[in-house]
Amino acid sequence: MSKEVNNYLFVSGLIFLLISLLHLFRIIFQWEAVFNGREIPLYASYIGFIIGAVLTYYAFRLRK
């Protein structure tokens, strides 16, 4: 695998990890999320955490 692809997967994995952690913190601390005047339900963070964690896993797995 080329160095560019390896770097891309690493950066992508870090971004997905950050997004997953933000969703996890929202779940743990019960943070309120409002977008355009509407409150985003907490279950959206459960879905976001799972998707972000899976994408993080695959990004780092593909680097090997």
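Looking only at residues of region 1-36 that are under 13 Å from LEU62 (Cβ atoms) and small (Gly, Ala, Ser), we find that the one that is modelled with the lowest pLDDT is SER2. Report whether or not ILE28 is free of Cβ contacts under 8 Å to residues at least 12 places away in the same chain, hydrophobic (A, V, I, L, M, F, W, C), in a helix (DSSP H, G or I) and surrounded by 11 or more Cβ atoms within 10 Å (Cβ to Cβ). Criteria not met by ILE28.
Just checking, does region 38-60 include any residue being assigned to a strand (DSSP E or B), modelled with pLDDT of 95 or more and loosely packed, with under 14 Cβ neighbours inside 10 Å? Taking every residue of region 38-60 in turn, at least one turns out to be assigned to a strand (DSSP E or B), modelled with pLDDT of 95 or more and loosely packed, with under 14 Cβ neighbours inside 10 Å.
Free of Cβ contacts under 8 Å to residues at least 60 places away in the same chain, in contact with a helix residue (DSSP H, G or I) (Cβ under 7 Å, 6 or more places away or on another chain), of a type outside the set (D, E, K, R) and within 25 Å of VAL5 (Cα to Cα), is that true of LEU55?
So LEU55 passes the test.
The values are calculated or read from the model by the stated rules, or taken from the named source; none is laboratory data. Please read these numbers as outputs of a predicted model, since none were measured by experiment. FYI the Cβ positions are ideal-geometry reconstructions off the backbone, even for glycines, and counts take in every protein chain you see.
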